[in-house]
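Beneath this line is the structure, given in structure tokens, with notes to follow.
The values are calculated or read from the model by the stated rules, or taken from the named source; none is laboratory data. What you see is a predicted model, and the numbers here were worked out from it, not measured in a lab. Every residue, glycine among them, receives a Cβ derived from its backbone with ideal geometry; neighbour counts consider all protein chains shown.
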Amino acid sequence: MTAEPRHGRGREEASTRELLAAMSFGDPGDQLRLRDLLTGLGKRVFGMMLFVATLPAFIPVPGVGGAIGGPLVVLVGVQLLLGLRKPWLPRFLAERGPHRRSVQRFEQVLEPWFRRLERVSRPRLSGVLDHRAAGMFTGLLLVLLGVLLALPIPFTNYVFGLLLLAFALGLLERDGALLIGAWVAGVIAIAVFGVLSGALATAVTEWIGRLF
């Protein structure tokens, strides 16, 4: 059955819910290679890369999700900050990715929410998504949020995970309004969990010290 296009989305361009359903279909033991997941997505490719990078944040084991997802989110953010048009992946990452069973569990939880999102989200405010300065600002926020996700700040993995999903969905759905909302929430989260707690400044200082 072919899905009807919605809100001006082309018939050939699947929604995020449809992309997730396609990723979930098949043997639960299969490993999905990141290289394959990013193929054929055009301007939405960084959204998918961020979506996959965010998945580990929901691993219900303290410290593990942030340690895996944080650096991946930073990798996405740095590339947007540099203005890359296509993502770069080291080979050891390109050949790896989530197991299908993890995506299937994720889909079971998020599918109803994606259905609700489809009623209000649509491609709009394309200038927010395509402008170089906007992409750099998105990249900067993702770098900072990725650092915070990687830090052992108690009870924040799900908070950062949901926020990063908003960024990913804004990029995947080509929804500039949703991305602006993610910007606002991201700045607030960085201020509350990073600047006010001192965690972000401490991490950046340590990284600079290691470099020099």
Residue within the range 64-85 that is more than 23 Å from GLY186 (Cα to Cα) and in contact (Cβ under 8 Å) with a residue 40 or more places away in the chain present: no
Single match in GLY83, GLY65, GLY77 (criterion: farther than 20 Å from MET23 by Cα and in contact with a Lys or Arg (Cβ under 7 Å, 6 or more places away or on another chain)): GLY83
Criterion: at pLDDT below 90, more than 13 Å from the chain's Cα centre (by Cα), part of a helix (DSSP H, G or I) and surrounded by 12 or more Cβ atoms within 10 Å (Cβ to Cβ) - qualifying residue of ALA177, ALA203, ALA189: ALA203
Selected residue (criterion: surrounded by the most Cβ atoms within 10 Å (Cβ to Cβ)) from residues of the range 74-106 that are among the charged types (D, E, K, R) and under 16 Å from MET48 (Cα atoms): ARG100
Among residues of the range 23-73, those that are surrounded by fewer than 21 Cβ atoms within 10 Å (Cβ to Cβ), among the small types (Gly, Ala, Ser) and at pLDDT 85 or above, counted: 2
Only one of VAL128, VAL143 that is surrounded by 12 or more Cβ atoms within 10 Å (Cβ to Cβ), of a type in the set (Val, Ile, Thr), within 15 Å of the chain's Cα centre (by Cα) and not in a loop (DSSP other than H, G, I, E, B): VAL143
Matching residues, the range 74-100, being modelled with pLDDT of 85 or more and over 28 Å from PHE137 (Cα atoms): ARG100
